[in-house]
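Please treat every number below as a calculation from the coordinates, not as lab data. In this text the structure is predicted, and so the values were computed from the model without any measurement. Every residue, glycine as well, gets a Cβ built from its backbone with ideal geometry; the counts of neighbours run over all protein chains shown.
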Amino acid sequence: MADDGRVDFKGTRHVGSGMPRAIRDGVSIYYEHDDGDGTPVVFVQGLGYGRWMWRWQREGVADDYSVIAPDNRGTGRSDTGLPPLVPRLPRKLRAPLIFKRAGYSIGGLAADLEAVLDDAGIYSAHIVGASLGGMIAQRYALEYSRSKTLALLCTTHGGPDSVPIPEETQDHVFDVPKGASKRETLRHRMRPAFTERFTNRNPHLMDRIIEWRLEQDASDPAREAQATAALNFDVSDRLDGIRVPTLIAHGTADRVIPVANGELLAKKIPDSRLELVEGGSHMFFIESADRVTETLTTFLRDHE
């Protein structure tokens, strides 16, 4: 990051084996596999977000680790797995149907991740997840055996004991401004995830992020299906079953998943450490990319 708060961004190298895919229950899950040394690092995306969100951290670990970056079900090049007619319905009809009957589950998304690692021949991996990806990582560590460590960023254990998304943020994230273009809608939905200071100082990067989102993010129906998984997620009474070293990182000014959720995770996961980024937003791993990447790589080296 530049000293004035602006972020430099680079292209991520992809030197793996073309376009690998894992199949689970007839649904194709795309993933990128960047060759490298050391225990693989697996980056799991947030709600609706494409692989672009991890480009800074991937660049930071690329010299020392192999990297696996799946597209969550419904995102990027992965199939949605939704019934064929559902995505064609108007949102007013589609959204209630998805929430009640056709949405995803965190357990199912964790099973997709297991299928990816099995397909890639990975038997031990550092699992890094943010927001929805952090929920998937928790469930994965509880139910599968390939996790060597966890890194949980801006996420929650769910359930009634968690601190919910503020109503104002929900309005921004889930409502669509009337007459807005796709780009305007994305900017509107992203507003609570970044600090105003960052967006004002990085206009070109924000433009690039919009383009990346248009290219890689989940469709609206898949996003609603992922949101269903997040809303129904609750492992609050199971966290003592996570037996791997866990890094928990959270921005103190997160307006999407309040920082108290990170503090709750740190209290409930036995072998965990909490790293707070003062004034950090929900997307603090982009706004404070250098610091977060350094924290992550130090954690990985400590447990390699």
- Task: With a ≥ b ≥ c taken as the square roots of the eigenvalues of the C-alpha gyration tensor of the chain, please select rounded if a/c is under 1.5 and otherwise prolate if a/b is larger than b/c or oblate if it is not?
- Result: rounded
- Query: Sorted from fewest to most neighbouring beta carbons within 10 Å, what does the list GLU224, GLU294, GLU196, GLU32 look like?
  - Reply: GLU196, GLU294, GLU32, GLU224
- Radius 12 Å from Cβ of LEU231, net charge of other residues (Lys, Arg +1; Asp, Glu -1): -1
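Just rank VAL86, VAL42, fewest to most, by other beta-carbon atoms within 10 angstrom.
On the way: VAL86 17, VAL42 27.
Arranged by neighbour count, lowest to highest, VAL86, VAL42 become VAL86, VAL42.
Please label the shape of the stretch 26-68 as rounded, prolate or oblate, based on the square roots a ≥ b ≥ c of the eigenvalues of the alpha-carbon gyration tensor (a/c under 1.5 means rounded; beyond that, a/b larger than b/c means prolate, else oblate). Walk me through the numbers before you get to the answer.
Values: a/c = 2.83, a/b = 1.43, b/c = 1.97.
Because a/c hits 1.5 or more and a/b fails to exceed b/c, the stretch 26-68 counts as oblate.
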- Message: For LYS92, give me every one of the lysines with a C-alpha distance below 27 angstrom, ignoring sequence neighbours fewer than eight places off in its own chain.
- Response: LYS100, LYS178, LYS182
- State which helices in the chain qualify, where a helix is a whole DSSP H run, it must extend 18 Å or more along its own axis by its Cα atoms, and its mean Kyte-Doolittle hydropathy must be at least -1.0. 106-120, 203-216, 289-302
- Message: Rounded, prolate or oblate for the stretch 191-304? Axes are the square roots of the Cα gyration tensor eigenvalues, ordered a ≥ b ≥ c, and the cut-off for rounded is a/c under 1.5.
- Response: oblate
- Item | Neighbour-count ranking [beta-carbon atoms within 10 angstrom, fewest first] of THR169, THR149 | THR169, THR149
- The size of the Cβ-based charge dipole (Lys, Arg +1; Asp, Glu -1) of the chain about the Cα centre, to the nearest 20 debye, is 1100
